[in-house]
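First the structure, in the form of structure tokens, and then the observations on it.
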Amino acid sequence: MKPAGKIALPALMTDAATARLFAALGAAGIAARFVGGCVRNAVFDRPIQDLDLAVDKPPETVMRALEAARIKAVPTGLKHGTVTAIADDQPFELTTLRRDVETDGRRAIVAFTDDWLADASRRDFTFNALYADPDGTLYDPFDGRADLAAGRVRFIGDADTRIAEDRLRVLRFFRFQAWYGRPPIDGAGYQACARNAATLRGLSGERVRKELLRTLEADGAPDAFDAMREAGVLDHWLPEYAGSARLRSLMAREDMADGLRRLAAVLPADANAVAIGKRLKLSTQESLRLEVILAHEPVVDIAGGARAWRAGIYRLGNGLYTDRLLLSDAPGDWRAALAMARRWTAPPLPVSGGDALRLGLKPGPQVGRLIDAVERWWIEGDFAADRAACLAELERLVRAA
Ligand code: ATP
Ligand code: MG
């Protein structure tokens, strides 16, 4: 593979830990290059998530080299050629160059190789096959840099063939489109995804969930999801998709992307959160959150002003109140309500069932009813009543009961 110019690498890829790692590998005769997302994002000046390296020797050789240099080595996936090196607390994922031997649409049988171009050829998109030496020398065998600059997500090789090898690439196509693409979407890639949409049902819920949520977190999520719907890619995994209008208004309000909240924004009001949670393998907590975000009650009253906001924050909790507020199309000053949700936490109700019993009430459903009544009164009074006042109100209700 020939160099294709030089780029400035960010601090994370040029610091002392990186130097130590490359020195250790070099001393053992192992050639290593940064690859994939970190190089792509260095070229594109985007934040870097994880540091992936490609190495030209088998994982056992890599393990030995690291140990000899006293760099912590974790055998993350020796069968796949992956070793995690931890230098000065910074993890690096080192994967031996691979070539495909056989693929069945889900997982590939790979063989280790020392052929950089073979390794590049089995990657999915042109801008995901960028490699860089620690001095910034760039390798770009499929002109990925130009595609990245043009906002073009382009399959390496024939799109249908690449999808037949691994159908997850359909979802990855739209994920990278959402993050790095600009319209128009690459026609050949899009058509191939549409032709293969029906094969997606065979994927695992976990992998689909990860791709969909990461796609939703991108700035380009609305267009990407509309395109996915049009291509039939959502037919099996998210048939509930209700268009991107609410997602667009949510994105105009929020200051941080949240995949699950954005998922709620593309679902209809009557969507079955439990069924979607099961299908997409959401955790119990995530499913519950989705359910509450989608629920109709309690209504978030934005026009009602500060008192109504505090009541809502108390009922839903700050996080869920924020979710519902950002997704609401109710009139009112949502910015002020949001500011309230950021700075105000509700006090706990100053009385409990025990207090009712001490006042002579017998255990039973009436205890809960009276405590609920005191709670309503306390909320209506804008949480001003202290414990003594709440006890007095409880006593009044017990007497009247
Ligand atoms: P991100 O910043 O979102 O993590 P990434 O490019 O690092 O982006 P990963 O999913 O972490 O994406 O994959 C790392 C690299 O491995 C990719 O850049 C690509 O070269 C290759 N790769 C990952 N999954 C596939 C796949 N299904 N088919 C082909 N190549 C893949
Ligand atoms: Mg990555």
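Residues to consider are A384, A401, A392; find the one that is closer than 12 Å to L349 by Cα and among the small types (G, A, S).
A384
Does L9 fit the bill of being closer than 15 Å to Y131 by Cα, touching a helix residue (DSSP H, G or I) at 6+ places or on another chain (Cβ under 7 Å) and either free of Cβ contacts under 8 Å to residues at least 24 places away in the same chain or assigned to a strand (DSSP E or B) (or both)?
Considered against the rule, which asks whether it is closer than 15 Å to Y131 by Cα, touching a helix residue (DSSP H, G or I) at 6+ places or on another chain (Cβ under 7 Å) and either free of Cβ contacts under 8 Å to residues at least 24 places away in the same chain or assigned to a strand (DSSP E or B) (or both), L9 comes out as no.
Among V101, V110, V170, which is the only one that is closer than 22 Å to V208 by Cα and more than 16 Å from ligand 2 (Cβ to nearest atom)?
That would be V170, the only listed residue that is closer than 22 Å to V208 by Cα and more than 16 Å from ligand 2 (Cβ to nearest atom).
In this structure, does R64 turn out to be among the charged types (D, E, K, R), assigned by TED's automatic domain parsing to the domain that holds P134 and within 16 Å of ligand 1 (Cβ to nearest atom)?
no
Do any helices (runs of 4 or more DSSP H) lying entirely in region 326-401 carry at least 2 residues that are more than 37 Å from the chain's Cα centre (by Cα) and among the acidic types (D, E), and which ones are they?
The helices (runs of 4 or more DSSP H) meeting that bar are 365-380, 387-400.
Which one of the conditions (1) within 12 Å of ligand 1 (Cβ to nearest atom); (2) in a strand (DSSP E or B) does D50 fail to meet, given that it meets all the rest?
Of the numbered conditions (1) within 12 Å of ligand 1 (Cβ to nearest atom); (2) in a strand (DSSP E or B), the odd one out for D50 is (2).
Go through (1) among the acidic types (D, E); (2) in contact with a Lys or Arg (Cβ under 9 Å, 6 or more places away or on another chain); (3) without any contact (Cβ under 8 Å) to a residue 12 or more places away in the chain one by one and return the number of the condition E102 breaks.
Going through (1) among the acidic types (D, E); (2) in contact with a Lys or Arg (Cβ under 9 Å, 6 or more places away or on another chain); (3) without any contact (Cβ under 8 Å) to a residue 12 or more places away in the chain one by one, E102 breaks only (2).
Can you tell me which of (1) assigned to a loop (DSSP other than H, G, I, E, B); (2) of a type outside the set (V, I, T); (3) at pLDDT 95 or above is the one E297 doesn't meet?
The failed condition is (3).
Looking at (1) modelled with pLDDT of 95 or more; (2) on the phi < 0 side of the Ramachandran plot, can you tell me which one G232 breaks?
For G232, the failing item is (2).
From the list A85, A120, exactly one residue is at pLDDT 95 or above, surrounded by 14 or more Cβ atoms within 10 Å (Cβ to Cβ), in contact with a Pro (Cβ under 9 Å, 6 or more places away or on another chain) and over 23 Å from I163 (Cα atoms). Which is it?
A85
Based on what the data block shows, is E60 loosely packed, with under 15 Cβ neighbours inside 10 Å, touching a Leu at 6+ places or on another chain (Cβ under 8 Å) and free of Cβ contacts under 8 Å to residues at least 60 places away in the same chain?
yes
State which residue is nearest to the chain's Cα centre (by Cα) when the search covers only region 22-47 and only residues that are assigned to a helix (DSSP H, G or I) and more than 16 Å from ligand 2 (Cβ to nearest atom).
So the residue we want is F22.
Does R70 count as among the basic types (K, R), away from ligand 1 (no atom under 16 Å from the Cβ), in a helix (DSSP H, G or I) and in the same structural domain as A120 (by TED's automatic domain parsing)?
Criteria not met by R70.
Restricting attention to region 107-116, does a residue exist that is surrounded by fewer than 19 Cβ atoms within 10 Å (Cβ to Cβ) and within 11 Å of ligand 1 (Cβ to nearest atom)?
Yes, some residue in region 107-116 is surrounded by fewer than 19 Cβ atoms within 10 Å (Cβ to Cβ) and within 11 Å of ligand 1 (Cβ to nearest atom).
Which condition number in (1) modelled with pLDDT under 95; (2) of a type outside the set (G, A, S); (3) under 18 Å from the mean Cα position of the chain (by Cα); (4) surrounded by 18 or more Cβ atoms within 10 Å (Cβ to Cβ) is the one that F225 fails?
The one condition F225 does not meet is (1).
The values are calculated or read from the model by the stated rules, or taken from the named source; none is laboratory data. Everything numeric here is computed off the predicted structure, so don't read it as measured data. Glycine gets a Cβ as well: all are built from the backbone with ideal geometry, and neighbour counts include every protein chain shown.
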